[in-house]
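*Asks:* Below are the structure tokens for one structure; questions will follow.
The values are calculated or read from the model by the stated rules, or taken from the named source; none is laboratory data. Because the structure is predicted, anything quoted here is derived from the model rather than measured. Neighbour counts run over all protein chains shown; Cβ positions are idealised from the backbone, glycine included. Just so you know, the surface numbers come from the protein's heavy atoms only, side chains and all, with ligands and any DNA or RNA stripped out. Shrake-Rupley method; radii C 1.70, N 1.55, O 1.52, S 1.80 Å.
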Amino acid sequence: MKTIDCSGLSCPLPVIETKKALEEGHVDNLAVIVDNLTSRENVMRFLQSQGFSVSVMEENEKHRIEATKVQSDGKAIKTEKKLLVLIDGETVGRGSEELGKILMRSFIITLKELNPTPWRIIFMNSGVKLAVEDSPYLEPLNDLLTIGAEILCCGTCLDYYKLKEKLKVGRISNMFEIASSFLEATNVIKP
């Protein structure tokens, strides 16, 4: 089993190092060592997206993620439409801030009526403020979670606005996962 130690690296570097290890050659078994929960979750999600089953063991205050390539059963993979929504601000359009907030609320409420419904909704820059406590958008965002949308919030953006501890809907993500989401999406919309 190939092992890479990503201790001391902050996100997205552990995911990037894991990706490099997979690209170096045919890898069926891989162990990745990280020293924080965010890196653990991000590396696990990345490996799962690459067709690996994963398990985690704790070792001396570190997380050892062991991944094994899942064997294909030879059946055709159904192509699924994946609608990605990028929200990078608190308002829609330019001009009146008050009108922009009204339009943003309408946009978020309308997302659950789309076909296909959003696969992922990514919040970046000041858009992360819509997913934190006291946001008037929490109810419609929770409705989107209920119908299966993933909500990702940029961790760097949350840190910048000092809101990481106030996140109420969705999960913290990193730039590698966000950029990869754009590649994986079949359609991208931005208000």
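*Asks:* Could you go through the range 165-180 and let me know if any residue there is open to solvent by less than 60 Å² (accessible area, probe 1.4 Å) and in contact with a Lys or Arg (Cβ under 6 Å, 6 or more places away or on another chain). Please lay out each step first, then the result.
*Replies:* Step one: list which residues in the range 165-180 are open to solvent by less than 60 Å² (accessible area, probe 1.4 Å), which gives 167, 169-174, 176-180.
Going one step further and asking which of them are in contact with a Lys or Arg (Cβ under 6 Å, 6 or more places away or on another chain), we end up with none.
Scanning the range 165-180 turns up no residue that is open to solvent by less than 60 Å² (accessible area, probe 1.4 Å) and in contact with a Lys or Arg (Cβ under 6 Å, 6 or more places away or on another chain).
*Asks:* Separate question: Looking at Lys112, Lys81, Lys69, Lys101, which one is open to solvent by 50 Å² or more (accessible area, probe 1.4 Å) and under 18 Å from the mean Cα position of the chain (by Cα)? Before the answer, list the steps.
*Replies:* Working: Lys112 fails: under 18 Å from the mean Cα position of the chain (by Cα); Lys69 fails: under 18 Å from the mean Cα position of the chain (by Cα); Lys101 fails: under 18 Å from the mean Cα position of the chain (by Cα).
Matching residue, one of Lys112, Lys81, Lys69, Lys101: Lys81.
*Asks:* If you check Leu138 against the conditions, is it of a type outside the set (Ser, Thr, Tyr), open to solvent by 30 Å² or more (accessible area, probe 1.4 Å), farther than 21 Å from Met1 by Cα and out of contact with any Pro (no Cβ under 6 Å at 6 or more places or on another chain)? Steps first, please.
*Replies:* Values: of a type outside the set (Ser, Thr, Tyr): yes; open to solvent by 30 Å² or more (accessible area, probe 1.4 Å): yes; farther than 21 Å from Met1 by Cα: yes; out of contact with any Pro (no Cβ under 6 Å at 6 or more places or on another chain): yes.
Here the answer is yes, as Leu138 does meet what is asked.
*Asks:* Sticking with this one: Could you identify the single residue in Asp5, Asp35, Asp28 that is open to solvent by 70 Å² or more (accessible area, probe 1.4 Å) and in contact with a strand residue (DSSP E or B) (Cβ under 9 Å, 6 or more places away or on another chain)? Steps first, answer last, please.
*Replies:* Details: Asp35 fails: open to solvent by 70 Å² or more (accessible area, probe 1.4 Å); Asp28 fails: open to solvent by 70 Å² or more (accessible area, probe 1.4 Å).
Of Asp5, Asp35, Asp28, the one residue that is open to solvent by 70 Å² or more (accessible area, probe 1.4 Å) and in contact with a strand residue (DSSP E or B) (Cβ under 9 Å, 6 or more places away or on another chain) is Asp5.
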